[in-house]
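A short worksheet on the structure shown next.
The values are calculated or read from the model by the stated rules, or taken from the named source; none is laboratory data. Because the structure is a prediction, the values reported are computed rather than measured. With ideal geometry, Cβ positions are generated from the backbone for all residues, glycine too; neighbour counts draw on all protein chains shown. To get the accessible areas, we keep the full protein, side chains included, count just its heavy atoms, and leave off ligands, DNA and RNA. Shrake-Rupley method; radii C 1.70, N 1.55, O 1.52, S 1.80 Å.
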Amino acid sequence: MKKTIKLTLAVVFVMGATSLFAQKFGRINTQEVISVMPEMKEMQTNIEAYSKDLQESMENIVVEYNNKYQEFNKNFSTMSDAVRQLKEKELNDLIQRRNDFEQVAQQDLQKRYNELLAPIIDKAKAAIDKVATAGSYLAVFDTSTGSLAYFDEAMLTDLAPAVKKELGITDAPAATPAAPAAPAAK
């Protein structure tokens, strides 16, 4: 009876240890994969065009302010106090309008960036999920986040080549995705 229990425990222990070592773990740098996706180039073009439109609107406000400021300085000595106060208020309102526009433009640009990036991230995640499922990986760690305290890279399979293949990406130099540029203040 004791031999049967010991034999059963030994078999369970060996099977448990074998199944533990049979688990597969992978790693991937999601940022690297996303940066080489063709959609990123299109997104970057869209963001640059949107940023240019915002910049042109900002420049129009600045030009309007400069014109009114020059007119104010030119006619300052001939203006009555009431007209001078009105013109000063107009100039201050233009400064406030420019500041408000700049703040809203930065928020809009960031929102647009996030809206365009979300489907690209979803597509990359779907490809990672598909490759991980097909390869029977128990877990895949994203090395781009740096949230793991330690892992032995040699013990983890790099899924990036398989994910890139799934996405139809041929190996090319990696480019980092640029954050949206805020319209320059004048």
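Restricting attention to region 1-48, which residues are of a type in the set (Gly, Ala, Ser), out of contact with any strand residue (DSSP E or B) (no Cβ under 8 Å at 6 or more places or on another chain) and at pLDDT 85 or above?
Within region 1-48, just Ser35 meets the criteria.
When you look at Ala172, is it under 28 Å from Asn46 (Cβ atoms), at pLDDT below 85 and surrounded by 13 or more Cβ atoms within 10 Å (Cβ to Cβ), yes or no?
no
Would you point out which residue out of Lys89, Lys186 is at pLDDT 90 or above and open to solvent by 60 Å² or more (accessible area, probe 1.4 Å)?
Residue meeting the stated conditions: Lys89.
Would you confirm whether any residue within region 39-49 is out of contact with any helix residue (DSSP H, G or I) (no Cβ under 8 Å at 6 or more places or on another chain), part of a helix (DSSP H, G or I), more than 30 Å from Leu159 (Cα to Cα) and open to solvent by less than 70 Å² (accessible area, probe 1.4 Å)?
yes
Leu138 passes all but one of (1) open to solvent by 80 Å² or more (accessible area, probe 1.4 Å); (2) in a helix (DSSP H, G or I); which number fails?
Condition (2) is where Leu138 drops out.
Each row is one residue, and each column tells you yes or no for (1) within 20 Å of Glu59 (Cα to Cα); (2) charged (D, E, K, R); (3) in a helix (DSSP H, G or I).
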site	(1), (2), (3)
Arg84	no, yes, yes
Asn92	yes, no, yes
Arg98	yes, yes, yes
Phe101	yes, no, yes
Ala105	yes, no, yes
Leu109	yes, no, yes
Asn114	no, no, yes
Leu117	no, no, yes
Asp122	no, yes, yes
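For region 105-127, name all the residues that are more than 14 Å from the chain's Cα centre (by Cα) and open to solvent by less than 20 Å² (accessible area, probe 1.4 Å).
Residues satisfying the conditions are Ala105, Ala127.
Quick one: Gly146 ticks every box in (1) in contact with a Ser or Thr (Cβ under 8 Å, 6 or more places away or on another chain); (2) assigned to a loop (DSSP other than H, G, I, E, B) except a single one, so which number is it?
If we test Gly146 against (1) in contact with a Ser or Thr (Cβ under 8 Å, 6 or more places away or on another chain); (2) assigned to a loop (DSSP other than H, G, I, E, B), just (1) comes out false.
Out of (1) open to solvent by 80 Å² or more (accessible area, probe 1.4 Å); (2) at pLDDT 95 or above, what's the single condition that is false for Glu71?
Failing condition for Glu71: (2).
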